[in-house]
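Trainee: Next up is a structure, given as structure tokens.
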Amino acid sequence: MQNKPQYVAGIPGTEIRLEGATWGYFAGTSYLGLQTLPAFTDLVADATRRLGTHWGASREGPVAPAIYEEAEKQIARWTGSEAACSVSSGFLAGRLLADAFAGTAFQCVYHPACHAALMPAGAERARDLKHMVRQLDEARNNGEAQPVLFTDTIDFSRGPELVYRQLEGIDLSGVILVADDSHGFGVLGPDGAGAYSDLASLDAAELIVCGSLGKALGITAGIILGRSERIRQLRRLPAFAGASPAPPAGLAALCTSLESGLIRAQRSKLLLNIRDFQGQLGHLTFLSGLDDFPVYLFAGSGLASFLASQQILVSHFRYSAESSGAPGRIVLTAAHTPVQLERLAKHLSQFPDTQ
């Protein structure tokens, strides 16, 4: 399994120069292709000239750029949340929520696919969904602390699967549901607004959605969505006041992209690429995917090595703190061309013949 990164001169688009050759690049994230899209990078550059490269002061200081509250209101409207709070990263968003529910008034339960950002030191994920349900029931029956369920919205260990579908038959009454939607923002849900509306249908006692805006939406920022009172409470945490916020130019570019329809247009391109690719691919038993989602999972190192022999790079590595059995990923983006997708599909169809 690949553990050491190849350092390159710039952010890869759909191709990358490695070992003196041009490789097809189907790794990383950048689902909407915004990281290298001139229409978007121009918006970031223009906003940087207007707003500067960074705001290094606290949001709780005497002044702050107006774009923060403007962006939070726009993102809340887009996702269907009552309120929103932006921070510098999706990881910080998760840590703020882990800290907010760390007291004895809450009993925290962690979905088997919960991201490490939502878990304090020493916390353990439930072994499986049945174990998670037992933990929630025990917390509810205890009555001394309110149960809080932490989860991702995409379960990459199974499928991938939509977690809200796993939770549909589970009693979440009295449970605060905290969900990391880093891989959903910009891709899933109505107009690419993520999983908030689907999760709201589960009728948890309270819903909080957090995550990175960097996976599909191409900016360095994190977001937390929830009730207005909960957002006010989170803004009073020392970690929020003490941390620098997200670069203002990125948020400004995102707002403009939402208003202009650029995000919608890129999502349409992504969905078209996924559907065209799936049509070319047919059914391959060594790949698993999800309708209208740009990530395909595979087990073992054989496929990654075979594709590398064809100068195609996919994700296959192990986070240092995670299981060595983590699946590899093939990632499509809105920027991939029909020719690039056809080439990938052709080599994937050849892979079984090499085994």
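Trainee: If you go through the stretch 247-259 one residue at a time, do you hit one that is farther than 25 Å from Arg140 by Cα, in contact with a strand residue (DSSP E or B) (Cβ under 7 Å, 6 or more places away or on another chain) and buried (at least 21 other Cβ atoms within 10 Å of the Cβ)?
Mentor: Restricting attention to the stretch 247-259, the residues satisfying the condition of being farther than 25 Å from Arg140 by Cα are 247-259.
Imposing the further condition that a residue be in contact with a strand residue (DSSP E or B) (Cβ under 7 Å, 6 or more places away or on another chain) reduces the set to 251.
Restricting the remaining residues to those that are buried (at least 21 other Cβ atoms within 10 Å of the Cβ) gives 251.
Yes: one or more hits.
Trainee: Looking at (1) within 24 Å of Tyr196 (Cβ to Cβ); (2) crowded, with 16+ Cβ neighbours inside 10 Å, can you tell me which one Gln135 breaks?
Mentor: Only one criterion is unmet by Gln135, namely (1).
Trainee: Looking only at the stretch 272-291, decide whether some residue is closer than 27 Å to Val87 by Cβ, buried (at least 20 other Cβ atoms within 10 Å of the Cβ) and not hydrophobic (A, V, I, L, M, F, W, C).
Mentor: Of the stretch 272-291, the ones closer than 27 Å to Val87 by Cβ are none.
No, the stretch 272-291 contains no residue that is closer than 27 Å to Val87 by Cβ, buried (at least 20 other Cβ atoms within 10 Å of the Cβ) and not hydrophobic (A, V, I, L, M, F, W, C).
Trainee: If you scan the stretch 64-74, which residues turn out to be among the small types (Gly, Ala, Ser) and either loosely packed, with under 15 Cβ neighbours inside 10 Å or part of a loop (DSSP other than H, G, I, E, B) (or both)?
Mentor: Our first condition is that a residue be among the small types (Gly, Ala, Ser); within the stretch 64-74, this holds for 64, 66, 71.
If the condition is that a residue be among the small types (Gly, Ala, Ser) and either loosely packed, with under 15 Cβ neighbours inside 10 Å or part of a loop (DSSP other than H, G, I, E, B) (or both), then Ala64, Ala66 are the ones that fit.
Trainee: For the stretch 115-162, name all the residues that are of a type outside the set (Val, Ile, Thr), assigned to a strand (DSSP E or B) and within 22 Å of Arg95 (Cα to Cα). Let's see the steps before the verdict.
Mentor: Initial filter on the stretch 115-162 (of a type outside the set (Val, Ile, Thr)): 115-132, 134-147, 149-150, 152, 155-162.
Then keep just the ones that are assigned to a strand (DSSP E or B); that gives 146-147, 149-150, 152, 155, 161-162.
Within the stretch 115-162, Gln146, Pro147, Leu149, Phe150, Asp152, Asp155 meet the criteria.
Yes/no matrix, rows are residues, columns are (1) modelled with pLDDT of 95 or more; (2) part of a strand (DSSP E or B); (3) over 22 Å from Gly282 (Cβ atoms):
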residue	(1), (2), (3)
Arg318	no, no, yes
Glu322	no, no, yes
Ala326	no, no, yes
Ile330	yes, yes, no
Ala334	yes, no, yes
Val339	yes, no, no
Glu342	yes, no, no
His347	yes, no, no
Asp353	no, no, no
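Trainee: Ok, one more. Pairs needed: first member in the stretch 33-52, under 15 Å from Leu258 (Cα atoms); second member anywhere, assigned to a helix (DSSP H, G or I) and open to solvent by 40 Å² or more (accessible area, probe 1.4 Å); C-beta distance under 6 Å; at least 6 residues apart or different chains.
Mentor: Leu43/Thr256
Trainee: Can Gly61 be described as open to solvent by less than 60 Å² (accessible area, probe 1.4 Å) and either aromatic (Phe, Trp, Tyr) or part of a loop (DSSP other than H, G, I, E, B) (or both)? Steps first, please.
Mentor: Details: open to solvent by less than 60 Å² (accessible area, probe 1.4 Å): yes; either aromatic (Phe, Trp, Tyr) or part of a loop (DSSP other than H, G, I, E, B) (or both): yes.
Answer is yes for this residue.
Trainee: Is there a residue being within 28 Å of Gly61 (Cβ to Cβ), within 17 Å of the chain's Cα centre (by Cα) and assigned to a helix (DSSP H, G or I) anywhere in the stretch 265-287? Reasoning before the result, please.
Mentor: Going through the stretch 265-287, the residues within 28 Å of Gly61 (Cβ to Cβ) turn out to be none.
No, every residue in the stretch 265-287 fails to be within 28 Å of Gly61 (Cβ to Cβ), within 17 Å of the chain's Cα centre (by Cα) and assigned to a helix (DSSP H, G or I).
Trainee: Another question about this same structure. Which residues, counting only those in the stretch 178-205, are under 20 Å from Pro147 (Cβ atoms) and either at pLDDT below 95 or not in a loop (DSSP other than H, G, I, E, B) (or both)?
Mentor: Of everything in the stretch 178-205, those that are under 20 Å from Pro147 (Cβ atoms) and either at pLDDT below 95 or not in a loop (DSSP other than H, G, I, E, B) (or both) turn out to be Val178, Ala179, Asp180, Leu199, Ala200, Asp203.
Trainee: Cβ-Cβ under 7 Å, sequence separation 6+ or interchain: first residue in the stretch 264-278 and touching a residue at least 40 places away in the same chain (Cβ under 8 Å), partner open to solvent by 70 Å² or more (accessible area, probe 1.4 Å). Which pairs?
Mentor: That search, which allows pairs on different chains as well, returns Asp276/Pro338.
Trainee: Determine whether Ala335 is free of Cβ contacts under 8 Å to residues at least 24 places away in the same chain, within 30 Å of Ala71 (Cβ to Cβ) and surrounded by 13 or more Cβ atoms within 10 Å (Cβ to Cβ). Reasoning before the result, please.
Mentor: Numbers: free of Cβ contacts under 8 Å to residues at least 24 places away in the same chain: no; within 30 Å of Ala71 (Cβ to Cβ): yes; surrounded by 13 or more Cβ atoms within 10 Å (Cβ to Cβ): yes.
Spelling it out, it is not the case that Ala335 is free of Cβ contacts under 8 Å to residues at least 24 places away in the same chain, within 30 Å of Ala71 (Cβ to Cβ) and surrounded by 13 or more Cβ atoms within 10 Å (Cβ to Cβ).
Residue-by-condition table, conditions (1) of a type in the set (A, V, I, L, M, F, W, C); (2) open to solvent by 10 Å² or more (accessible area, probe 1.4 Å):
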position	(1), (2)
Leu172	yes, no
Pro190	no, yes
Gly194	no, no
Leu207	yes, yes
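Trainee: Taking the criterion of being modelled with pLDDT of 95 or more and touching a His at 6+ places or on another chain (Cβ under 9 Å), would at least one residue in the stretch 92-108 satisfy it?
Mentor: The answer is yes; a qualifying residue exists.
The values are calculated or read from the model by the stated rules, or taken from the named source; none is laboratory data. Given the structure is predicted, the values throughout are model-derived calculations rather than measurements. Counting neighbours? That spans all protein chains shown, and the Cβs are built from the backbone with ideal geometry, glycine included. With ligands, DNA and RNA removed, areas are computed over all heavy atoms of the protein, side chains included. Shrake-Rupley method; radii C 1.70, N 1.55, O 1.52, S 1.80 Å.
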